[in-house]
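The structure appears right after this line, and notes come after that.
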Amino acid sequence: MAYITLNKQHFFNNLDIIAQRSKGKDKIALVLKDNAYGHGLREMAAMAQEYGISRAVVRSYVEAKEIEEFFDYILVLADTPQEKSAKICYTINDLDSISKFPKKTKVELKVNTGMNRNGIEMDELREAFFLIQKQELELEAVFTHHSCADEDQSVFEQQNKNFAQVKKEVTALAEAFGMKRLRFHSANSAALFQTDDFTEDMVRVGIAAYGCLELSGNVDAEALQPVLSLYAKRNSTRHLDKGVCIGYGASYTTSRECQVGNYDFGYGDGFLRACSNRYETPEGILLLGRISMDNSSFLSVAEELLIFNDARVVARAAGSISYEILTALKPYLKRVILE
Ligand SMILES: *Cc1c(COP(=O)(O)O)cnc(C)c1O
C-alpha cells in the first residue's frame with residue numbers, strides 16, 4: 001500500500017520561521033482543516049502540541065472534537081454548534097445565523113473586507129453586535145480573510161485598510177456594548193509572510209506550516225520545507241518492446257525497449273489524473289500513460305518509489321495548487337512520522 005511520511009524536523013523548522021514572523025508561538029493558530037491538508041489530522045495535532053502550539057483552526061465540529069485533547073482553543077470556520085465547549089469557538093458567517101446559535105456559545109465574528117465569500121458586511125457591525133448580545137453569545141474575536149495575499153498587492157492592501165477600519169469600529173462597539181477586549185486576526189500564510197511587522201493577536205497558518213507556501217523572492221518563505229512525502233509500492237513489473245502502449249486509452253507508446261513498474265497509487269488514492277503522462281518524480285522517473293484508480297506506471301522497477309516530496313512540483317504538472325494535491329490524499333493512507 002502507498003504510504004505517507006511526515007518529516008517532523010521540517011515541520012518544526014517551518015514553525016520556527018512562522019513563530020519568528022508572528023512574534024511568538026502563542027500567536028500561531030495552526031489550520032488543520034481537511035485532514036490537516038491531507039497530512040493526517042491527529043498526527044499533525046500531536047506534533048503541533050509537542051512543539052507548543054495551543055490553538056487550531058478547523059472547518060467542522062467533528063474535526064474539532066477529534067483534536068480537542070491537543071489544544072486550548074479551536075476555531076471552527078463553518079459549522080453549527082453541536083455542544084457547548086470551553087475550547088471550541090464557532091464562526092458567525094452572516095447575520096441570519098446568529099439567532100441559531102445556542103446561548104453562551106463562544107463565537108468569533110467574520111467580516112467581509114473584500115473577498116466576498118463569507119462574513120458579515122462592514123456596515124452590519126452594529127447590527128451584529130446587537131444580535132450577539134441579544135442571543136447572549138460570548139464574542140471572542142473579530143476576523144477577516146484575504147483573497148489575494150499571495151497575488152494582487154493592491155487588493156491585499158485595500159483589505160488591510162478595510163480591516164483597520166473594522167478594528168476601530170469594533171473597539172468602539174465592544175466598549176459601547178460593555179464587552180471585554182476582543183482579539184483580531186486576518187493573516188493566512190501568505191499575508192504573514194508579506195507583512196514585515198506583524199502586530200495582530202493571532203495568525204491562521206496552514207500551507208506555510210506544511211512547507212508549501214509559494215512566494216518567490218521571499219527569503220523566509222523559501223526556507224520552509226515540505227513536510228509530506230508520498231511513497232508507492234510496486235505491484236508488478238514488465239518488459240516492454242519499443243512501440244507498445246501502456247494503460248487506459250493507450251495514451252503512451254514506448255519509444256524504446258524498457259522495464260516498466262506498476263505502482264499501487266492512483267486517482268482513487270488522491271493522485272490527480274491530470275498528471276497523467278506529464279509527471280516526473282524527484283528522482284527523474286517518468287510517469288507513463290494515464291493514472292488509473294489504483295495504479296500508475298513508471299519507468300522504474302524499484303520495489304518502492306518516492307512519488308513526491310514537494311506537492312508544488314506535482315501541482316505544476318497537474319495545473320493545480322499544492323493545496324489540492326495535498327487535500328486529495330485519502331485519509332486511509334498510512335502516515336509515518338519521521339523523527
Ligand atoms: C484555509 C484558511 C486559512 C489558511 O490559509 P493558508 O493559505 O493555508 O495559510 C486561513 N484562514 C481561513 C479562514 C481559511 O479558510
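The values are calculated or read from the model by the stated rules, or taken from the named source; none is laboratory data. Everything numeric in this text was worked out from a predicted model, so none of it was measured. No Cβ is skipped: glycine too gets one built from the backbone with ideal geometry, and neighbour counts run over all protein chains shown. Surface accessibility is based on the protein's heavy atoms, side chains included, excluding ligands, DNA and RNA. Shrake-Rupley method; radii C 1.70, N 1.55, O 1.52, S 1.80 Å.
So, Phe143, is that one assigned by TED's automatic domain parsing to the domain that holds Val203, free of Cβ contacts under 8 Å to residues at least 40 places away in the same chain, within 16 Å of the ligand (Cβ to nearest atom) and within 22 Å of the chain's Cα centre (by Cα) or not?
no
Taken as a whole, the condition of being closer than 30 Å to Ser85 by Cβ and either under 22 Å from the mean Cα position of the chain (by Cα) or at pLDDT below 95 (or both) does not apply to Ala128. Restricted to segment 268-339, the set of strands (runs of 3 or more DSSP E) holding at least 3 residues that are within 21 Å of the chain's Cα centre (by Cα) and not polar (S, T, N, Q) comprises 334-338.
Just wondering, is there one or more residues in segment 65-73 that are at pLDDT 95 or above, open to solvent by less than 20 Å² (accessible area, probe 1.4 Å) and either in the same structural domain as Gly119 (by TED's automatic domain parsing) or more than 20 Å from Val336 (Cβ to Cβ) (or both)?
So far as segment 65-73 goes, yes, one or more of its residues are at pLDDT 95 or above, open to solvent by less than 20 Å² (accessible area, probe 1.4 Å) and either in the same structural domain as Gly119 (by TED's automatic domain parsing) or more than 20 Å from Val336 (Cβ to Cβ) (or both).
With respect to (1) polar (S, T, N, Q); (2) open to solvent by less than 20 Å² (accessible area, probe 1.4 Å); (3) closer than 30 Å to Val31 by Cα, the lone exception for Ser300 is condition (3).
Here Gly24 meets each of (1) within 13 Å of the ligand (Cβ to nearest atom); (2) surrounded by fewer than 17 Cβ atoms within 10 Å (Cβ to Cβ); (3) not aliphatic (A, V, I, L, M) with one exception, condition (1). Could you please find all residues in segment 16-68 being under 19 Å from Lys106 (Cα atoms) and among the hydroxyl-bearing types (Ser, Thr, Tyr)? Of everything in segment 16-68, those that are under 19 Å from Lys106 (Cα atoms) and among the hydroxyl-bearing types (Ser, Thr, Tyr) turn out to be Ser54, Ser60, Tyr61. One residue stands out among those in segment 164-211 that are open to solvent by less than 10 Å² (accessible area, probe 1.4 Å) and among the polar types (S, T, N, Q): the one that is nearest to the ligand (Cβ to nearest atom), which is Ser189.
Restricted to helices (runs of 4 or more DSSP H) entirely inside segment 1-75, those with at least 3 residues that are small (Gly, Ala, Ser) are 41-51. Candidates are the residues of segment 248-277 that are in contact (Cβ under 8 Å) with a residue 40 or more places away in the chain and in contact with a helix residue (DSSP H, G or I) (Cβ under 7 Å, 6 or more places away or on another chain); the one that is surrounded by the most Cβ atoms within 10 Å (Cβ to Cβ) is Cys275. Only one of the listed residues (Asp150, Asp94) is under 29 Å from Glu63 (Cα atoms), at pLDDT 95 or above, within 16 Å of the ligand (Cβ to nearest atom) and open to solvent by 40 Å² or more (accessible area, probe 1.4 Å). That residue is Asp94. Based on this model, can you work out whether Thr281 counts as at pLDDT 95 or above and open to solvent by less than 40 Å² (accessible area, probe 1.4 Å)? Yes: the conditions hold for Thr281.
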